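The values are calculated or read from the model by the stated rules, or taken from the named source; none is laboratory data. Small disclaimer: the values here were computed from a predicted structure and weren't measured. Cβ atoms come from the backbone with ideal geometry, glycine included; neighbour counts cover every protein chain shown. Remember, those area values only see protein heavy atoms, side chains included, never the ligands or the DNA or RNA. Shrake-Rupley method; radii C 1.70, N 1.55, O 1.52, S 1.80 Å.
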Amino acid sequence: MYNLKWILPPFLAFLAILTYPLWSGPKGAMPELAKPKGEACVESATWMRANHMQLLDHWREEVVRNQSRVYVNQAGQRFEKSLTKTCLSCHNNKQEFCDRCHNYTSVKPYCFECHVDPKLSEVSHVQ
Amino acid sequence: MKLLAPLVAVFALAALALGGAAAGQYYLLGVVIPYVAFALFLFGFSYKIYGWAKTPVPFNIPTTCGQQKALPWIKGNELEAPSSTLGVLGRMALEVLVFRSLFRNTKANLEPGPDLSYESDKSLWLFGLLFHWSFLLIFLRHYRFFLEPVPFFVGFLEKFDGLLQITLPTFYLTDALILLGISALFARRVISPKMRYISLAADYFPLMLIGAIALSGMGMRYLHKVDIALVKTHIQGLITFHPEAHVIGATFYVHLLLVSALAAYFPFSKLMHMGGVFFSPTRNLANDSRVNRHINPWNPQIKIRTYADYEADFKDKMKSAGIPLDAD
């Protein structure tokens with residue numbers, strides 16, 4: 001072996017960085033989400049988990065640009081296309097529902113830059 | 001054939017993942033194969049480094065593109081012909097980070113006449129740079145699945161990568177740039193007959209494989225979405241050695257199998273230039289052959305007999321013959 005003093009430290013550092021997730025402290029399991037109030041979501045829960053952002057984006061466009069406010073789901077049920085009135089009426093705990101998964105996967109949606117988290121507005125009313 | 005075989009291999013891998021997911025082989029696809037691939041990567045990479053570390057460098061052969069440090073009134077070029085370790089580090093850093101040697105790439109043209117002309121060709125440098133840096137940033141962005149809490153640099157990268165704020169989920173610039181880079185690197189080998197002649201299946205396969213990885217990842221992000229919280233839970237299970245099979249969309253398993261194939265293939269392929277660039281004697285040696293003697297480790301141990309030894313052996317005889325001795 002030649003030039004070990006030049007090869008070994010950088011190589012060990014490379015291995016350490018590469019395997020860092022394997023040996024660095026405790027890890028996060030799937031976050032516990034707050035139970036929603038209603039019986040069923042507008043679409044199946046599995047589908048919603050993967051695709052809710054696209055549904056919401058689609059709703060926003062339909063409402064703002066086409067004045068189309070009624071969503072008919074796969075089962076033929078009708079819902080108002082509204083984050084605040086439809087989604088948040090069942091999922092009424094943003095911190096323990098939306099935020100937990102979004103923080104877990106480093107997703108920063110900008111829904112609530114315009115929409116109001118109902119919990120927060122209650123608090124501000126009290127104050 | 002050189003083009004077809006790697007293409008078929010990549011499609012076969014993707015089909016295998018789709019078939020496996022359809023057949024419910026989630027444990028094999030999600031746990032066994034990634035573990036084996038990562039182990040192969042680690043051991044293969046280490047073995048290659050070990051092999052290079054025990055290979056001696058017989059001669060001092062740095063490539064030089066500038067004035068060597070010589071006499072005090074001649075200005076030496078420390079980056080092009082480094083005379084010190086610091087210069088070598090500087091040159092190596094610029095080579096690794098911005099591919100300085102590719103910047104000097106030329107191409108030869110044979111024009112009617114016949115006239116042979118050479119011109120500067122920066123396209124390899126540009127697209128190589130785009131590709132490698134996009135790949136690095138994309139790799140780093142994936143740490144959101146590997147670490148909990150998500151490290152600070154991920155949010156920073158996501159913010160700047162998604163600066164355009166178009167589409168939902170936000171479109172990442174590196175996604176477009178890596179496709180641009182890899183397409184150009186692929187086109188470069190295919191379009192020019194000279195390049196096509198010297199390209200092998202082993203040159204096309206990594207390009208196609210990485211292209212397929214990028215496409216499957218983008219497909220999973222923008223088109224056929226999966227539950228990424230479950231993806232993270234799955235990966236957290238893998239890295240804590242409590243693996244579980246999860247039912248995640250088939251796109252995820254295609255992406256994962258292709259990445260596993262890349263990791264397993266990496267140490268046994270040209271992709272090892274990642275480690276190899278640091279072991280290039282033409283880059284990592286100082287151009288100081290006039291100052292320090294480079295000893296070839298191959299040289300056999302030659303038994304040297306000095307004149308002093310000789311004189312000591314024949315001292316009496318030399319004295320009696322009247323030959324003057326150094327020792328006196």
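In the stretch B:286-303, the qualifying residues are those that are open to solvent by 100 Å² or more (accessible area, probe 1.4 Å) and away from chain A (no Cβ under 14 Å), and the one that is farthest from residue B:76 (Cα to Cα) is B:303.
Looking at the stretch B:106-142, which of its residues are part of a helix (DSSP H, G or I) and open to solvent by 40 Å² or more (accessible area, probe 1.4 Å)? Before the answer, list the steps.
Going through the stretch B:106-142, the residues part of a helix (DSSP H, G or I) turn out to be B:123-141.
Residues satisfying the conditions are B:123, B:125, B:126, B:127, B:130, B:132, B:133, B:135, B:136, B:137, B:139, B:140.
One residue stands out in the stretch B:34-85 among those that are within 30 Å of residue B:235 (Cβ to Cβ) and of a type in the set (A, V, I, L, M): the one that is surrounded by the most Cβ atoms within 10 Å (Cβ to Cβ), namely B:49.
The selection criterion, being assigned to a helix (DSSP H, G or I) and either of a type in the set (Lys, Arg) or more than 26 Å from the chain's Cα centre (by Cα) (or both), does not hold for residue B:275. When residues in the stretch B:248-265 are screened for being over 19 Å from residue B:23 (Cβ atoms) and within 12 Å of another protein chain (Cβ to nearest Cβ), 1 of them pass.
Of the residues making up the stretch B:266-277, just one is within 11 Å of chain A (Cβ to nearest Cβ) and either open to solvent by 10 Å² or more (accessible area, probe 1.4 Å) or closer than 23 Å to residue A:98 by Cβ (or both), namely B:274. State whether the residues of the stretch A:26-38 include one that is of a type in the set (Gly, Ala, Ser) and modelled with pLDDT of 90 or more. So far as the stretch A:26-38 goes, no, none of its residues is of a type in the set (Gly, Ala, Ser) and modelled with pLDDT of 90 or more.
When residue B:2 is tested against (1) open to solvent by 40 Å² or more (accessible area, probe 1.4 Å); (2) at pLDDT 95 or above; (3) closer than 20 Å to residue B:271 by Cβ, exactly one condition is not met: (2). On the stretch given as the stretch B:83-117, residues that are under 28 Å from residue B:298 (Cα atoms) and under 23 Å from the mean Cα position of the chain (by Cα) total 7.
Looking at B:191, B:182, just one residue is of a type in the set (A, V, I, L, M, F, W, C), within 27 Å of the chain's Cα centre (by Cα), more than 30 Å from residue A:23 (Cβ to Cβ) and open to solvent by 60 Å² or more (accessible area, probe 1.4 Å), and that residue is B:191. Only one of the numbered conditions (1) within 14 Å of chain A (Cβ to nearest Cβ); (2) open to solvent by 40 Å² or more (accessible area, probe 1.4 Å) is not met by residue B:157, and that is (2).
In the stretch B:203-221, the residues that are without any contact (Cβ under 8 Å) to a residue 60 or more places away in the chain and on the phi < 0 side of the Ramachandran plot reach residues that are among the hydroxyl-bearing types (Ser, Thr, Tyr) and open to solvent by 20 Å² or more (accessible area, probe 1.4 Å) with C-beta atoms within less than 6 angstrom, at least six apart or across chains, in these pairs: B:219/B:251; B:220/B:251. Take residue B:196 and tell me if it is in contact with a helix residue (DSSP H, G or I) (Cβ under 8 Å, 6 or more places away or on another chain), in contact (Cβ under 8 Å) with a residue 24 or more places away in the chain, more than 14 Å from chain A (Cβ to nearest Cβ) and open to solvent by 20 Å² or more (accessible area, probe 1.4 Å). So residue B:196 does not fit the description; no.
The set of residues in the stretch B:41-88 that are closer than 19 Å to residue A:13 by Cα and facing chain A (nearest Cβ under 10 Å) comprises B:41, B:42, B:45, B:46, B:49, B:50, B:52, B:53. Across the stretch B:211-247, the qualifying residues are those that are over 20 Å from residue B:147 (Cβ atoms) and not in a helix (DSSP H, G or I), and the one among them that is farthest from the other protein chains (Cβ to nearest Cβ) is B:245. Somewhere in the stretch B:47-56, is a residue small (Gly, Ala, Ser) and under 30 Å from residue B:298 (Cα atoms)? Looking for residues that are small (Gly, Ala, Ser) and under 30 Å from residue B:298 (Cα atoms), one finds at least one in the stretch B:47-56, hence yes.
Return the total of residues in the stretch B:16-40 being within 14 Å of chain A (Cβ to nearest Cβ) and more than 21 Å from residue B:232 (Cβ to Cβ).
Looking only at that region, the number is 2.
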